[in-house]
Amino acid sequence: MIGFRYASKDRTRRRVRRLAGAGLALPLAVGALVAAPAGTAAAAPGSGPTAVVSMGDSYISGEAGRWKGNSLTSTGSRSGTDRAWVSGSVYDPSKVYGTTAGGCHRSDSAEVRSAGAIADVAINLACSGATTENVFRSANGGVPYKGEAPQADQLAAVAASHDVKVIALSIGGNDLGFADIIKDCALDFVIWNSYCYDDQQYGVDQKIDGVMANVGKSVDEVRAVMRAAGYGDSAYRIVLQSYPSPIPRGAENRYTQSDWSRLNTGGCPFWNRDSDWARDSLVPQIANRLKAVAAAKGVQFLDLRDMMQGREVCAKTSRQVTSTAPASAKTSEWARWIDSSETQGLVQESMHPNHFGQLALGRCLALAVGQGPTSGVGCKNTAGADQTGMYLTPVP
């Protein structure tokens, strides 16, 4: 069993400091799982194979797609949760992330890959850890990331060789410092015995106006690329999406906050007060601001704030995977935990939708595309169902 259930608090502190030093990255994602075939001739807008394209950060690139739930078994296949397992103690993350393993983490189950028959080709330009400046065109302030050109510049090549129908965009979380928020809140639980919500809320409030302006610029950059490629604005749609919460409210957590079970067993080391703030204040605040950007830019908004309700790490209505409780999209958690012993995969996968969560995200995107091109919709799950139980609701 992993964790520190029987460890001293000093040892726990050392482990958490190492976890923090590793970055506890909530890298929010980008890169192509399916790139344009080499040698494909440039096509006029509306010709070539149809394409759905994802752009932005780790919540859409496919970070954590390696995992089918969370298990305390740290060897072998980790009770069937580790899709990168080969045999014995051999693991190959490229089975899931391809050539982007250890980098952009574009998984084979990423949202655009799981959405089904939206288009002939699914092209993932999103990259784990990306910020808005990694989306902008290089000619307009864009910055390369992880050895790749800015995503808008990559989009230009795709638009020339494909008939782009849908562009799904998830961006802004890294600009707001999601990684630092999670790291600081975990440290406040484990080491400082204090809450994080007040300081973190102040920081978000100081940044959010500038971040949302850059999210709006990201949409403008996508529009500029597509217009330069000869597309009219009505020839395709942009879907701007928000973020789901990977942790439940305090009252919905199956582990008590009065001992070390949230850290050692559950992988969700947060106080009830901070959990409630994240779920009921931070996530809705960001969603509402992104909704406003979508409305101002005339693009579709996909609200994911409630997408993992009841399926979060440590949620009472979900469970960890064991030898007697196999991995299942109907019963397992849909987000990657914080691996306190650092024995399973990379820390950057923490607090992201896992394989099951990404299948659900793909279903949400497919349902949203079935709506009007500028309609705002929310996506929720049906308790006890797999990704086929996702359904749309009016935006709050």
* **Net lengthening on full extension, residue 374/residue 90 (0.36 nm per residue, minus Cα-Cα)** => 97.6 nm
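Hey, could you get me the Stokes-Einstein D for segment 157-211, Kirkwood radius over alpha-carbon pairs, 10 °C and 1.306 mPa s, rounded to whole µm² s⁻¹? The partial results should precede the final answer.
On the way: Rh = 13.8 Å.
It diffuses with D of about 115 µm²/s by this estimate.
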* Share of alpha-carbon pairs per 5 Å distance bin for segment 184-256, given as whole % -> 3, 11, 12, 16, 14, 11, 9, 8, 7, 5, 3, 0
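Can you give the net charge of the other residues whose Cβ lies under 14 Å from the Cβ of residue 141, counting K and R as +1 and D and E as -1?
Numbers: positive: 137, 217; negative: 133, 153, 175, 220, 221.
Summing Lys/Arg as +1 and Asp/Glu as -1 gives -3.
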* Structure fact -> Which of 146/207; 291/330; 316/380 exceed 20 Å between C-alpha atoms? The answer is 146/207; 291/330
* Stokes-Einstein at 25 °C, 0.890 mPa s, Kirkwood radius from Cα pairs: D for segment 52-144 in µm² s⁻¹? -> 171
* Spacing of the two label points (7 Å from each Cα toward its C-beta) at residue 391 and residue 99, in nm -> 4.3
* **Gaussian network model of the chain, Cα within-10 Å springs - most flexible of 129, 372, 310** => 372
* To do: Give the label of the value calculated from the structure for percent of Cα pairs over 32 Å apart, choosing from (1) 29; (2) 48; (3) 40.
  => (1)
* Structure fact -> Taking R0 as 51 Å and r as the Cβ-Cβ distance between residue 330 and residue 139, the FRET efficiency 1/(1 + (r/R0)^6), rounded to the nearest 0.05, comes to 0.60
* Take the alpha-carbon centre of segment 56-80, take the same for segment 344-370, and report the distance between them in whole Å. => 10
* Structure fact -> Rounded to two decimals, the Debye log10 I(q)/I(0) of segment 325-384 (Cα scatterers, no solvent) at q = 0.14, 0.15, 0.30 Å⁻¹ is -0.53, -0.59, -1.23
* Percent carbon-and-sulfur accessible area, the chain, ignoring ligands, DNA and RNA, probe 1.4 Å -> 51
* Asked: In sequence order, what are the phi-derived ³J(HN,Hα) couplings for segment 204-214 according to the Karplus relation 6.51 cos²θ - 1.76 cosθ + 1.60 with θ = phi - 60°, rounded to whole Hz, with x for glycine and proline?
  -> 4, 4, 6, 9, 5, 4, x, 5, 5, 4, 6
* Asked: What are the residues whose amide H is under 5 Å from the amide H of residue 54, where those residues sit 5 or more places off or on another chain and H is modelled from the backbone?
  -> 123, 124, 125, 126, 168
* Structure fact -> Scattering profile of segment 236-371 from the Debye formula, Cα beads only, expressed as log10 I(q)/I(0) at q = 0.15, 0.22 Å⁻¹, is -0.77, -1.34
* **segment 212-308 - Debye-derived log10 I(q)/I(0), Cα point model, q = 0.11, 0.12, 0.15, 0.22 Å⁻¹** => -0.47, -0.53, -0.68, -1.03
* Write down, largest first, the equivalent ellipsoid semi-axes of segment 104-201 in whole Å, where each equals the square root of 5 times an eigenvalue of the alpha-carbon gyration tensor. => 33, 17, 10
* Structure fact -> A chain fully extended from residue 191 to residue 288 at 0.36 nm per residue, minus the present Cα-Cα distance, gains in nm 31.6 nm
* **Placed amide H near residue 85: partners under 5 Å, 5+ positions off or other chain** => 92
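The values are calculated or read from the model by the stated rules, or taken from the named source; none is laboratory data. None of the values given here were measured: they were computed from a predicted structure. Ideal geometry is used to build each Cβ from the backbone, glycine not excepted, and the neighbour counts take in all protein chains shown. Heads up: the accessible areas ignore ligands, DNA and RNA and are worked out on the full protein's heavy atoms, side chains in. Shrake-Rupley method; radii C 1.70, N 1.55, O 1.52, S 1.80 Å.
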